[in-house]
């Protein structure tokens, strides 16, 4: 049962990524198509999956502030630890920025919702969707701040705040919360369209993830890649889950802590690193390696956590 559930969680992710790699190899899609489709997903489809999960949740579980504050605190501590420790071992500022971002910034939206839906079913993960809408902007702000610091330019916090408020994921979350709190029932036609859109995102986004993987100068960066993969996929989720369990979180809340801390590096890290003068090639390699190895680490984590009854 535990192996079956773990396989059910990881196998679709693996297959979609492999299809993307195959499609790129066959030249069915190029970099331009990947970038344009990713933009469509980000602005149109990501907000719908957040909206639907909040819309289908019960009002009392829309925002679990105990869980949200725990995760905000944990990610803040992780950020401080990385900012202090990474420069001790890595001297080049562009590399520091990419390594810190690679460990700290995960693909929470793309991975968390499908994994938790597989475990608990649709309509039962509103708490996770709401948590993601608070956590992801918080992580993105801190990433931009550290990349700006490593570049040596002054951060424009007004522009940063405006960007967050215009973020389509935040807009989807706000609309979901407003509709839920106002107890509004959407017209059946509109509801059907939004629900169908929310179901499309996972396969398309994961196929594009596979197609967009960059492996680059692996030999030169193998030390950095090993450090990032072990820290992000093993050490971070171990600490997060252990402390979450000690605090008293169980079942879906502990599963949310697990998956939000165990996901691979965010795909958009590559573009952000390039634009902010960090090591863009290393950032692309980190995305590729954490994405591939996370298939195995998430599977093993699932086997362990379900085997000892912590997240079921």
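The values are calculated or read from the model by the stated rules, or taken from the named source; none is laboratory data. For clarity, every value in this text was computed on a predicted model and none was experimentally measured. Backbone-built Cβ (ideal geometry, glycine too); neighbour counts: all protein chains shown.
Every residue, every condition in (1) more than 21 Å from residue 74 (Cα to Cα); (2) at pLDDT 80 or above, yes or no:
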| position | (1), (2) |
| --- | --- |
| 128 | no, yes |
| 170 | yes, no |
| 176 | yes, yes |
| 211 | yes, yes |
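Mind checking which residues of the stretch 254-297 are surrounded by fewer than 24 Cβ atoms within 10 Å (Cβ to Cβ) and under 16 Å from residue 7 (Cα atoms)?
292, 293, 295, 296, 297 - these are the residues of the stretch 254-297 that are surrounded by fewer than 24 Cβ atoms within 10 Å (Cβ to Cβ) and under 16 Å from residue 7 (Cα atoms).
Within the stretch 167-207, how many residues are under 19 Å from the mean Cα position of the chain (by Cα) and outside any helix (DSSP H, G or I)?
1
Looking only at residues that are within 13 Å of residue 300 (Cα to Cα) and surrounded by 15 or more Cβ atoms within 10 Å (Cβ to Cβ) in the stretch 1-13, which one is modelled with the lowest pLDDT?
2
Failed condition for residue 277, given (1) in a helix (DSSP H, G or I); (2) in contact (Cβ under 8 Å) with a residue 24 or more places away in the chain; (3) in contact with a helix residue (DSSP H, G or I) (Cβ under 7 Å, 6 or more places away or on another chain); (4) farther than 17 Å from residue 114 by Cα, with all others met?
Condition (1) is where residue 277 drops out.
Any idea how many residues of the stretch 231-248 are under 15 Å from residue 67 (Cα atoms) and outside any loop (DSSP other than H, G, I, E, B)?
Of the residues in the stretch 231-248, 8 are under 15 Å from residue 67 (Cα atoms) and outside any loop (DSSP other than H, G, I, E, B).
One residue is enough: does the stretch 116-126 have a residue meeting the conditions buried (at least 24 other Cβ atoms within 10 Å of the Cβ) and modelled with pLDDT of 85 or more?
Yes, some residue in the stretch 116-126 is buried (at least 24 other Cβ atoms within 10 Å of the Cβ) and modelled with pLDDT of 85 or more.
Identify, from the list 34, 68, 49, the residue that is at pLDDT 90 or above, touching a helix residue (DSSP H, G or I) at 6+ places or on another chain (Cβ under 8 Å) and surrounded by 16 or more Cβ atoms within 10 Å (Cβ to Cβ).
Exactly one of 34, 68, 49 is at pLDDT 90 or above, touching a helix residue (DSSP H, G or I) at 6+ places or on another chain (Cβ under 8 Å) and surrounded by 16 or more Cβ atoms within 10 Å (Cβ to Cβ), namely 68.
Among the candidates 80, 110, single out the residue that is surrounded by fewer than 17 Cβ atoms within 10 Å (Cβ to Cβ) and assigned to a helix (DSSP H, G or I).
After ruling out the rest, the residue left standing is 80.
Based on what the data block shows, is residue 210 in contact (Cβ under 8 Å) with a residue 12 or more places away in the chain, in contact with a helix residue (DSSP H, G or I) (Cβ under 8 Å, 6 or more places away or on another chain), more than 19 Å from residue 297 (Cα to Cα) and in a helix (DSSP H, G or I)?
Answer is no for this residue.
Among the listed residues 232, 219, which satisfies the condition of being at pLDDT below 90 and either surrounded by fewer than 21 Cβ atoms within 10 Å (Cβ to Cβ) or in contact with a strand residue (DSSP E or B) (Cβ under 8 Å, 6 or more places away or on another chain) (or both)?
One residue alone meets the criteria, 219.
Output the residue which, of all residues in the stretch 213-228 that are touching a residue at least 12 places away in the same chain (Cβ under 8 Å) and part of a helix (DSSP H, G or I), is nearest to the chain's Cα centre (by Cα).
228
Could you list, in sequence order, all residues of the stretch 14-31 that are modelled with pLDDT of 90 or more and not in a helix (DSSP H, G or I)?
Correct list: 26, 27, 28.
Which of (1) modelled with pLDDT under 80; (2) over 23 Å from residue 46 (Cβ atoms) is the odd one out, the single condition residue 183 does not satisfy?
Condition (1) is where residue 183 drops out.
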